[in-house]
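Written below as structure tokens is the structure these notes are about.
The values are calculated or read from the model by the stated rules, or taken from the named source; none is laboratory data. Predicted model, so just to flag it, every value in this text is computed and none were measured. Cβ atoms come from the backbone with ideal geometry, glycine included; neighbour counts cover every protein chain shown.
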Amino acid sequence: MKRVLVVCLGNICRSPIGEELLRIHAKKNSYNLFVDSAGTSGWHQGNSPDPRSCEVMKRHGHNIDSQRSRPLIDQDLQTFDCILVMDAQNLADTQSLPVGQAEIQLFVPNTDVPDPYYGEGDGFMHVYEMLDKAAENWIKTWST
């Protein structure tokens, strides 16, 4: 079973969406995956995902209300096979932890996923679309 951790800054906007989309695509493809998410900060530890993340997921028939934010810890680099981060700053923060077995990569290869937290309009929908396509591609890649 592959173990994947999805990481963003606060673990309330982007990474909860990415976590669930990986889970959904893995199930669709009968791929054995354990997935979790975390934030490089502990600002929202124990909190539910941002209501706007929950809303965009509900619009697509998914529920992430039960997820809870947690901080990224050193042990995660030993526990997980792969850590998928949302942007260059998350990448640098994750790579600053003690080296582990986890391969650390951008969730959307060569692209920063914008943080929609302070944005308005369709920022959360844009993030959903980016992560949905990338999650599908990751599962296809890992399945081969």
Exercise for review: For residues that are exposed (fewer than 15 other Cβ atoms within 10 Å of the Cβ) and within 17 Å of Met57 (Cα to Cα), tally how many sit in region 121-144.
Suggested key: 4
Check your understanding: Does Thr79 count as at pLDDT below 95, out of contact with any helix residue (DSSP H, G or I) (no Cβ under 8 Å at 6 or more places or on another chain), among the β-branched types (Val, Ile, Thr) and closer than 18 Å to Lys2 by Cβ?
Key -> no
Practice item. Could you please find all residues in region 48-78 being under 16 Å from the mean Cα position of the chain (by Cα) and touching a residue at least 60 places away in the same chain (Cβ under 8 Å)? Key: Asp50, Arg52, Ser53, Val56, Met57, Pro71, Leu72, Asp76
Exercise for review: Mind listing whichever residues of region 120-144 are over 19 Å from Ala26 (Cα atoms) and outside any helix (DSSP H, G or I)?
Suggested key: Glu120, Gly121, Asp122
Exercise for review: Any chance you could count how many residues in region 10-36 are within 17 Å of Trp142 (Cβ to Cβ), crowded, with 21+ Cβ neighbours inside 10 Å and of a type in the set (Gly, Ala, Ser)?
Suggested key: 2
